[in-house]
Every structure is written in C-alpha cells, then in structure tokens.
C-alpha cells in the first residue's frame, strides 16, 4: 500500500512539474537575438538555397534581421521572416529567382505567381475562368476568397478548392486569400484555367471547415456550435478504434471507455433486430453529446453517426481510423437540425480522406504493435479460500444451506447443490462424518488460491497488431485515395480474438469541366472468436468458481466439479453422460464464431448550373451481413446436460434420439440501409460584401433489418448431418424431471422496415464578413409514427446569428493582441424517435405448436397509440470565439439550454382501456425535461521557435438536467423501492435523470441487521418500511457533470512528445460491496455465491456492530432486506472524481537526408504507453470509478498499461 501511495505521489509531482513548466514558458519574455545585417542575410540565403535574389542598390542598407529568422527549410519561408519585418516583399520571377522591392499598399503579403496554362482564343474577354487553390502540400483549400482586383467580381472556393469566375478581361489581376495563408496575386494573362498555390502565413490559424454532411462551411461564418477534429490530431492516439481517439478531444462529447484493453473487439458484437437502441459494444463504451435528451429505455441516447454525408447504422469501431480526414461534432440545433431524426442527441459527421493534387502517387505504409502485461486480477476484492470456507460453514450452521441442498432423490433438489465443502459441512452437522474426516477434507483447501490458475489458463496478456497501406494522387481532372488495413486483436481473455479488414476506394472525377463525380466504396470485414470463459467464472450464482476450486492438477490436467448432487447422479443408469463441469475442457471445446461483413457505397454528382448555383444528387447504400455460429461440441457440458435432462428414468437412451453430434446454432442478421438525396446549393459573393449560401433538397431513406435463427441437434460438423427433432413446445419430449418439455431453437425469422421522407433547407447570409444570419428547416415523415400525418410528420428548424466583432472599425487598434472575437447565438428544435414504438396495436404471432387447438394465435404486446409523435428538444446556444496574441491563444465558450418536450415514457393508463397489456402501461409523449451546460475549449501555443514547439489544448464541459414533469411524483414510487432498493428509483420531478438515492445508514442493531434513519432522524429497523422517498438521501449523479481533457504536444527538432489527460468531477458511484446473500424460500435455498471480500468482515456475534457495518447472515427474508439497505446506503457512496493519464507517446522523424537517400519522403517511428492509470482520484479505497461492478457482475477489468510501437513510412 505504501508503494502504491509513493507511486501516486510521484505521478502528481511529475504532473505538477509539467504543468508548471508549460505555464512558465507561456509568459517567459522574448530573448534578445543576435542581429545580422540584412545584406549579409540575403547572401547567406542565396548560398543556402542556390537562389538568385535581385534588388535595387542601397535597398538593404541600414536594415537588420536576427539569426533565428534565417532558420527554415523552405526558401519562401525564410524570405518572409527576413523581409516582412523590414517592410520588404519578394516578387516571383522564375524558379528560385525573386525580386526584392519595398512594400506598398498593393503588395502587402502578396506575391505574383506565374503558371503555365493554355491561353484562351478570345483576346478581348474570357467568359469563364476556372481554377483551384491548394496548399504547398497539395491539399485543397476550401472557402478561399477569390476576386478580381479593382472590381466587384469574386467567388469562394468549394470544399475541393475549386472556383469559377465569369466575364474576365485577359489582363485582369486575380487576388486569392485564405485564413492561415499569405495573399496571392495572379495575372490572368488570357488563361482559362488557373492553379494557385498558397504559402502558409506565420502566426495565423488555418481555415477550419465544418462539414454537416450536406454542405461544408467556413467556421468563420458558422453560427452553430460545432467542433472539428482533424486526422493530424487523431493520429496521435494510435488505437484501432476511432472512439478511443476522440476521448477527451471535443468539448461536450463525453466518452466512457469501459472495455479495458479491448478496442474494436467488443464484448458484444451481435446486432439485434428487436432493440431500438445500440447493442454492439454497449458494455465497452458509452458516448453522449451534451448529456441525454431522452429518458425512455427504448429511445436511443447516443449521437447520430453520419459517414460521408449519409446516416449510418454502423458502429464507429468498424472503421479504420487512418482513413478519416475529419470528424465534426454538431452540438446545437443550428448545426444539427438539418438531420431531424435523432439530431437531439447530437451528430458525429465522419469525412473520409480524398485524393489531393500531388502530381505523383503518395504511398503511406504503417505498422502498429501493441502489448500489455497480465490483467490485474487483484483489483477484484474477493475472499480467500479460508474466508470462503468459514462463510460456507456459517451458512450451514444457520440452516441456510441444509440437507435439501444435498438431496439425492429428486432432480430439482439436486440442482441446488452447494459444492463439496458445503456438503461436508452439512454431513458433519447431521452426524454422517466426524470432525476429523471433515478436517481431512477441508483443511488442505484453506491454503489454495485459484487466482493463479485463472491468470494462467483463462486470462493472458493482451496483444494486437495493425497494418495500414494507402495510396493517393490527383490531377485537375481526377483524384483518388485507396487504402487497406488489417488489424488483429487478442484481448486478455483466452479464447477471444478479433480480426478486422478494411478496404476503402475514394475517387473524384471532373467530367468535361461540367460536373464532379465522387464515389466512395468501403468494405469492413470483421471476424470474432467468442470462446472465452473470462470473468464469468466468478459470476454470482450456484456455479460460481470458489477460491479453493483449482482449474488444473499439478500436471496441468483440467479438474472437474459436480454441479448436481453427486449422490443423485451416481444413482442414475449408464445411459447418462458425465454431469460434471471441467473449465479447461469447456474452453478447449468452445467454438463460437461471429462474422460481420459491411459494405458501403456512396455516389455523389455535383453539376454547376449558373454562377454559384450547383445541383447535386447522392445515393448511399450500406449493407451488413452478420453470421453468428455457435457450436456446442458433443463432449461439451451444454450438450451432455441437455441429453441427460431429456433421458427419462430407467431408459437406455435419450428421448430425442440423438446418438452423436453436438448442438449447432446459426443466427443471420442482415441490414440494408440506403439514402437517396437531391439538393441545390448556392454559394456566391456579391461586390465583395454580400455572401450568400443556401441549399434545399429532398431525401428518402430506408433501413431494412432481418434476423433469422435456427438450431440443429445431433449435428456432425464433418458430414453436415443432424438429427431430425420436433420443436413442438406443447407436446415436447419426455424428461428426467417427469414432465414433457420442448426443445428450444426452432427456426425463426423476423424483419423490420423503417422509411423516412424528408424535405430540408438551409440558408446563410454574411455582410462584409461581419454579420451572419442563418436558418434551417427540415420536414420529416416516418412510416411507423402516427396514423395522422400531423403526428407522423413534423417540422424541425433553427435560426442563428453571428457577429464578427474583429471586423468592426473600432476594433482595428486592438489587433496587436486581439486577433479573433465573434459572438454567436442560435435557437431551434431537434427531434428523436423510438424505433420500437408504433401507432397501431402491436401483435406478436405465435406458432400453432403453442396452442392446444393447433391453430395460430397471437399476443398483444402493446396497445394502439394513434397520437404517437416525435420527441422534441428546443435548444438555445450562445457562443464566443476568441483569439489572442497573434492567435497563440484561441478559445471557444458555449452556453446552452435544452428544453425537452413530448418525451416518451411508459406511463400507466386506465385499466378499462389497457387491462393487463404491458402491465397496464403505454408509451406516450408526455414527459418533459430541461438541461443546461457550458462547453469551453482552449488552445495555446506556449513556445513557437525553429527547434522548439509546445502547445496545450484543454477543454472543460459542464452538463446537467432536471426532470420537470409532475407525473414523476415521489408519491408514485413503489414502497419496495424506497424501502429496500433505491437503485430502482428512476426519475423524480426536480431531480436529474441520473440521480442516485441512498439510505441514511444508522449502523447495525444487536442482531447484526442494518438500521437506517428516516428524514426525521429516527432509526428504522430492517423489518420496517420507510414512509417515502424523502427518507432517502439524494447523494449525487451517476454521470459526471464536469468532464474534459488536456492534450499537450512538445516538439524539439525531430522529436515529439504527446500526452493526454482526461478528467471528470462531480459524480458518485456505489462501492461494489456485497451483492447478495442466500435466503431460504419454502425450505429450499438456491445457492448464490458472492465472492466479495466484504463478506469476510460480516457481523458474527453481539458486539460486532461496534467494529463492522457488514450485516449478519440470517435464514429469513429480513437478512436480505438488511443487506440491501447496507449495500445502497450512504456509507458506500464514493466520489467519482479523477484525473487519468490516458496516454503518453514519443515519436521521432528521421532526417530527410536519410529518408530521401532511401527513396522515401518521410519515416516516423513512435512509441506510446496507454492506460497509465489514475494520477488522482477522490476516493481513497483503490477503486477506478469507470470499473466498479460487483465481483459477480464484472465484465471488464480495469486496463493495465499497454505499450505501442509503430513505424510510419511515406514515399
């Protein structure tokens, strides 16, 4: 414990030193540099770059620069740093030849670019000039301003960096400008096509482009709240799952990674037809944008995912992160309302990489390898063998486990077997064996510890590999980006494995300068082996692996354990198979394979019509073919147990007629999701003052899901033959229990079809770059909502405005320290639906085999609700964007308020109408909830020098909500919930939707039973009920209201260090103490073994109430009530605040001389450590707030540090 404390202190010291150094560096004064005569500097530059620089005599006399300005790798970069401070500029003459002249009003930060392009045949006027604007690296520059000097003719480049100008004189000068780049002037010189290359400008930000999936707009003009994550930022977190790369990166985006060391190989990879919410990866991560907007369990709360402009049903973990160009998170109504359905949860827009105009193919190859140590099994606080034996002895002594648990006459009683130690204790109590015989059996077990066997045979160190390849190129007429990636992941549970192959082909063609055709074809192929026993061996129940039950003998041979009373099994005839369970054998025999093949195709055609007006048509199709094959081997426990149960007494074989083979189950799931969209886009700049962008269109979308399953018995995998069986549930087969039973797994099939028809529009107007107003509207129609069109279809809309304060005349004098300042405000409404609900009566058809008449029958699942309609969330957002100190410090602040109306919830209805259908409840649009919060994002460049660069990015978010519907009245909470299980209290008016309630613990009484206080401070005994919810404490929220991340990059020459911290504050969790005691019912106790170490500290005898709060064991129901009051009391509520060091990495870029000598453009090697642990946590009991399940419910252990090594080569 002391060593762990010292480590924690060391982590805190390192963190404080690092933060302190960063802050000090931000404010350190500039160090005087050595002055160099400008004439000498120019001679140095000419020699270094083999350049020819001409200038007038005496032009450089009396002018100086500093030594640092001469540092740089590009001629133009060095010339800017040397000349611009001296009010000089350089004009292009020829390759590496420039003329140096004095700066004038027209020269500014400009240069004249000469480009070799075919001239027009018309010497007087050119009807149309087309061109493209790109960076020095060939990347298209979107939304650059293009205008003809001394005229009012102008345009903006589109998302591909392309522009059009009309009615141009052959001698006109075209000026191009973009945020983050130096202005450029080009003489048209009679040309019809122009290619402009802009050089990056020091101390300016790059243009940020927000992609909504329908359009791309400059963040400078965006009124809504959105955040953009680029590929450059994501590549610093080298995990195989895109979701992990977003952790702590976006204000308002809250991600909890719950899967330990898993990335795309989730605990659950099975698609579900019958769930209206996400099922894949539900135990592995959670993700929300600005909290939740819905409260019903069957309403999706995760954000909508859009891939290359089309709504997707796929999990982000299926994508290759290296294929992603940007991710845009749309947070408010103005940004997201264009999507209508489910936009209330926020929208994550994924844009994949496209080819750039580079002239030559660019190839990138990378290899990543990750490994970790063994999982930390000691994190689970469990009893040792001696403590478990003591626990079993007390269970027997208090008649909780009795002779009925070793009965050998009836099958049902035989299933209540409590294990060999419990049996020995029962026989000792009954006098069947002596104390000495008991000791000889039990004492050797007290020193055993099966954790070593679990670590050896069931768990393993995690390891994974990922191989990536991409090639891209582009010309003026076509561009492409092709990639392939293969990932192989083996998690810490033996028997599990995941493989993912992704293929991506993105093409863009310019068709006769009349249209642009873009295609994107993707394939994701996943293979999962799901054969692990994992931590399920510790699951609370009758078959829990107890601490003294070893998995193998000294020779590594698997040990078998009885799951039914041995005396009962031994009395059965020779027709019965071995009824014992062997863990290692089961692990070897398991054969469960899941395959998901995903295909995506996206085709988009853009046709310019007239001066800024463009028409586009998009078709997207997404197909998923899932196959889950589960084979229970002939020798598996499942198969042996099945055949034994269907073998009647005194029979020589089972009643099913199976002689050989196992049980083979196949589940096939198919998803067909398509979108067809047509829209018009208008984007034009008038008189360099008025900028108008608008779009309008219509969209149809359909998602069809189908699921089929069947089970074959007596299946031989080699021959493909199986035994014919009957699935008739009424007749069934004779059984050992004495009554007939049917076989599960009869062929079944189901499908769902969801159709949407939408009309949408969006427009924005900007005056002189200062004032922007915007509006959007979407009209959605959904086939499964509402019989009346007024309910089925609904308009969703937003309006917004933005004021660019820095463009005002009164701000010009502040530009030395204030570079950006703008205010934003939006208001609008977003929607959400539940795919599970329908306006008509929901009837489930039953097979004729389930009816004594042998005719089909039906059950009513839900009553008709003709007024079923969309949930609506009204969102107000006010934002501030600011840039200081030459944009070395930039930030955004957003305040928002959410008003949820018509929220779905399952409320009671009149018995005369509903009867007992769905327990007399009906999902209706009646609930309300409000929410609010703040999102803050800051980026600071601490040090910016030739050899050194340090930047720091931090974000902080606050989110809370409150139930406002008076139907959630505390008086309606069932007494059992507020008296014994407050965890079951879901929503109460005036409280957050994730409010945690707890008992007011008052210690144990003289019998070891838990006492609690009521609101008046009076003690209430375990056998007494509380009077209401007011007797409980509202102790906090399950979800952290404050959360965020801190990222820092430190570069020294070719070395780079990256660190990522994530944090959360303000939430609470219940300490995973004792989950359950055993309680007799009607003379029988169903064994339910809980391994929690707290059980060893339970009350044993009078007086123990002074030393412990763990209640006593009793053989009545009040012992269980007592335990529940202890488990969910305030003394077990801990703070969930923490600061986590998620990742730290070191990378090195090999010298270009070395790379180029090998024919390579760039070689980068890096190493990183992930999941370094908690630097600080509010609870001091050793719990990680993200991994706090009961021992018997643990799916994932907290991750141990993992180590990644990668090599990235470009050529």
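A few comments on the model shown:
- Within the range 502-560, being free of Cβ contacts under 8 Å to residues at least 40 places away in the same chain and either surrounded by 20 or more Cβ atoms within 10 Å (Cβ to Cβ) or touching a helix residue (DSSP H, G or I) at 6+ places or on another chain (Cβ under 7 Å) (or both) holds for one residue alone: 558.
- Per this entry, residue 127 is counted among residues that are under 30 Å from residue 605 (Cβ atoms), exposed (fewer than 15 other Cβ atoms within 10 Å of the Cβ), touching a strand residue (DSSP E or B) at 6+ places or on another chain (Cβ under 8 Å) and at pLDDT 60 or above.
- The range 824-845: number of residues that are surrounded by 14 or more Cβ atoms within 10 Å (Cβ to Cβ), free of Cβ contacts under 8 Å to residues at least 60 places away in the same chain and assigned to a strand (DSSP E or B): 1
- Failed condition for residue 788, given (1) modelled with pLDDT under 90; (2) surrounded by 15 or more Cβ atoms within 10 Å (Cβ to Cβ); (3) closer than 30 Å to residue 703 by Cβ: (2)
- Hey, residue 187 surrounded by fewer than 18 Cβ atoms within 10 Å (Cβ to Cβ), at pLDDT 75 or above, touching a strand residue (DSSP E or B) at 6+ places or on another chain (Cβ under 9 Å) and not assigned by TED's automatic domain parsing to the domain that holds residue 84 or not: yes
- Restricting attention to the range 289-314 and to residues that are free of Cβ contacts under 8 Å to residues at least 60 places away in the same chain and in a strand (DSSP E or B), the residue that is nearest to residue 936 (Cα to Cα) turns out to be 289.
- Scope the range 840-861; condition touching a helix residue (DSSP H, G or I) at 6+ places or on another chain (Cβ under 8 Å) and at pLDDT 80 or above; matching residues: 860
- The residues of the range 44-82 that are modelled with pLDDT of 80 or more and either on the phi > 0 side of the Ramachandran plot or out of contact with any helix residue (DSSP H, G or I) (no Cβ under 8 Å at 6 or more places or on another chain) (or both), listed by number, are 66, 80.
- Filtered by the rule that a residue be touching a helix residue (DSSP H, G or I) at 6+ places or on another chain (Cβ under 9 Å) and within 14 Å of residue 71 (Cα to Cα), the range 937-947 gives 945, 946.
- Residues satisfying the stated conditions in the range 510-548, i.e. outside any strand (DSSP E or B), touching a strand residue (DSSP E or B) at 6+ places or on another chain (Cβ under 6 Å) and more than 30 Å from residue 488 (Cβ to Cβ): 544
- In the range 456-472, the residues that are under 30 Å from residue 485 (Cα atoms) and part of a helix (DSSP H, G or I): 458
- Residue-level check: of (1) surrounded by 17 or more Cβ atoms within 10 Å (Cβ to Cβ); (2) more than 34 Å from the chain's Cα centre (by Cα); (3) in contact (Cβ under 8 Å) with a residue 40 or more places away in the chain, residue 571 misses just (1).
- Hey, residue 17 assigned to a helix (DSSP H, G or I), modelled with pLDDT under 70 and exposed (fewer than 11 other Cβ atoms within 10 Å of the Cβ) or not: yes
- Residues within the range 871-903 that are under 30 Å from residue 916 (Cβ atoms) and either at pLDDT below 85 or touching a helix residue (DSSP H, G or I) at 6+ places or on another chain (Cβ under 8 Å) (or both), tallied: 1
- Qualifying residue in the range 809-820 (condition: modelled with pLDDT under 85, assigned to a loop (DSSP other than H, G, I, E, B) and within 30 Å of residue 296 (Cβ to Cβ)): no
- For the range 1132-1151, the criterion of being over 29 Å from residue 1078 (Cβ atoms), touching a strand residue (DSSP E or B) at 6+ places or on another chain (Cβ under 6 Å) and free of Cβ contacts under 8 Å to residues at least 40 places away in the same chain is satisfied by no residue at all.
- No other residue among 983, 988 is touching a helix residue (DSSP H, G or I) at 6+ places or on another chain (Cβ under 9 Å) and surrounded by fewer than 17 Cβ atoms within 10 Å (Cβ to Cβ) apart from 983.
- Any helices (runs of 4 or more DSSP H) falling wholly within the range 356-455 and containing at least 2 residues that are under 21 Å from residue 547 (Cα atoms): 385-397, 420-430, 435-442
- When each of 243, 255 is tested for being surrounded by fewer than 24 Cβ atoms within 10 Å (Cβ to Cβ), part of a strand (DSSP E or B), in contact (Cβ under 8 Å) with a residue 24 or more places away in the chain and touching a strand residue (DSSP E or B) at 6+ places or on another chain (Cβ under 6 Å), the lone residue that passes is 255.
The values are calculated or read from the model by the stated rules, or taken from the named source; none is laboratory data. All figures in this text were calculated on a predicted structure; none of them were measured in a lab. Please note: Cβ atoms are built from the backbone with ideal geometry, for glycine as well, and neighbour counts cover all protein chains shown.
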